[in-house]
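Participant: One structure follows; several queries about it will come next.
The values are calculated or read from the model by the stated rules, or taken from the named source; none is laboratory data. Just so we're clear, the structure is a prediction, and the values are computed from it rather than from any experiment. Cβ placement follows ideal geometry from the backbone for every residue including glycine, while neighbour counts extend to all protein chains displayed.
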Amino acid sequence: MLATWGSAIVAFVVCFSIYVRQLVQEHLIHSRPSEPVLPVTAVCMIALFCGILYIGRPLSQEARLRSQCQRFKPDPLRAGSSLQ
């Protein structure tokens, strides 16, 4: 997952620089925009990345074992039910 995020960020930066270079060559950029969106977008991208890393932490060994054991436990309400 980290490799995918890393390659996506690298691809974004490379493509963005290519677009900017082309805009400068075509003289379409005359001045900086009054309200740039890139800094806000970059901060949000970094915050989202850090949030995903924090939330997606691997479970401890004990939590993994408990979740595996509960998955294979029979449901006591369905086991004794004869109303099927």
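Participant: Checking the conditions here, which among LEU83, LEU59 is at pLDDT below 90, surrounded by fewer than 10 Cβ atoms within 10 Å (Cβ to Cβ) and part of a loop (DSSP other than H, G, I, E, B)?
Facilitator: That would be LEU83, the only listed residue that is at pLDDT below 90, surrounded by fewer than 10 Cβ atoms within 10 Å (Cβ to Cβ) and part of a loop (DSSP other than H, G, I, E, B).
Participant: Taking the stated definitions as given, is ARG66 modelled with pLDDT under 85, surrounded by 10 or more Cβ atoms within 10 Å (Cβ to Cβ) and not small (Gly, Ala, Ser)?
Facilitator: yes
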